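The values are calculated or read from the model by the stated rules, or taken from the named source; none is laboratory data. Predicted, not measured: the structure shown is a model, and the values here were computed from it. Counting neighbours? That spans all protein chains shown, and the Cβs are built from the backbone with ideal geometry, glycine included.
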Amino acid sequence: MQTRWASPRDVIRSNEYKLVKRTDISRPTLWLLAAAALGSACSKSVEVKVDFPEPLVAPLALKVGLRYGDSINNYSYHEELPVDGNWSFELGATNARLFDKIFSALFEEVVYVDATGGTGEPYSSLDAIIEPTIEAFEFSLPRQSRSDQYAVWIRYNLRVYGPDGNLITNWPVSAYGQADSRLFGAKEAMAEATINAMRDAVASIVTGFGKEPKIKEALLTENEDEEL
């Protein structure tokens, strides 16, 4: 059997092939792929499920219509963090229950409406229409804050309309909650921080609604005069 020696050209071609095979995937690409795999493995989905107690408050002598849009009924938030993976939050149904409890305690009568104003019933018998929304959602992890706390910020906005649909005010309500990482797992701590932020919103709305200047002027001054 005759042995065939590789020519210099064959050697060069062989080395080129090996070089191509070795550099098909660069080191930065491998790092990105590894990070993506790690991020996928570290994805956290936080679904907040809690029934809030009805606030103990003397109801205002108002009949109010409530309108919940997608911002309340179907609110979700997603964020991808380079080191800490993907985080997603589902607040929709819990938000609706939250505002149900707030407003059923805060007002003498509440009805649900499809629009922010109109003519005829039920609008002609209402004192106001309220449409709550979520305008911003933020969170932080213990690694980011260099503490033991998971934290959540929610900025709600209460749009208050007259029964004719004219805007009375946009009332922003900022809420904050945190939870200790030493007491919960990551998902549980973030859920607890979110619940605490929502409780903070309850306290702010219940104690502050009647004090908001435009709301007080439009809805409460006449009632106060009647009581006197």
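Residues satisfying the criterion are present in the stretch 149-165 (criterion: surrounded by 17 or more Cβ atoms within 10 Å (Cβ to Cβ), assigned by TED's automatic domain parsing to the domain that holds F99 and in a loop (DSSP other than H, G, I, E, B)).
If a residue must be within 15 Å of V48 (Cβ to Cβ) and either buried (at least 18 other Cβ atoms within 10 Å of the Cβ) or among the polar types (S, T, N, Q) (or both), how many such residues does the stretch 166-190 contain? Matching residues across the stretch 166-190 total 6. Can you confirm whether the stretch 155-163 contains a residue that is touching a residue at least 60 places away in the same chain (Cβ under 8 Å) and under 23 Å from S71 (Cα atoms)? Yes, the stretch 155-163 contains a residue that is touching a residue at least 60 places away in the same chain (Cβ under 8 Å) and under 23 Å from S71 (Cα atoms). For the stretch 82-105: of the residues being touching a residue at least 60 places away in the same chain (Cβ under 8 Å) and either touching a strand residue (DSSP E or B) at 6+ places or on another chain (Cβ under 6 Å) or assigned to a strand (DSSP E or B) (or both), which is farthest from P132 (Cα to Cα)? Restricting to residues being touching a residue at least 60 places away in the same chain (Cβ under 8 Å) and either touching a strand residue (DSSP E or B) at 6+ places or on another chain (Cβ under 6 Å) or assigned to a strand (DSSP E or B) (or both), the top hit is W87.
Scanning the stretch 106-130 for residues that are surrounded by fewer than 17 Cβ atoms within 10 Å (Cβ to Cβ) and assigned to a strand (DSSP E or B) gives E108, E109, V111, Y112. Among the residues making up the stretch 119-170, those that are closer than 17 Å to S204 by Cα and in contact with an Asp or Glu (Cβ under 6 Å, 6 or more places away or on another chain) are W153, R155, N157, R159. So is L56 aliphatic (A, V, I, L, M) and surrounded by 13 or more Cβ atoms within 10 Å (Cβ to Cβ) or not? No: the conditions fail for L56.
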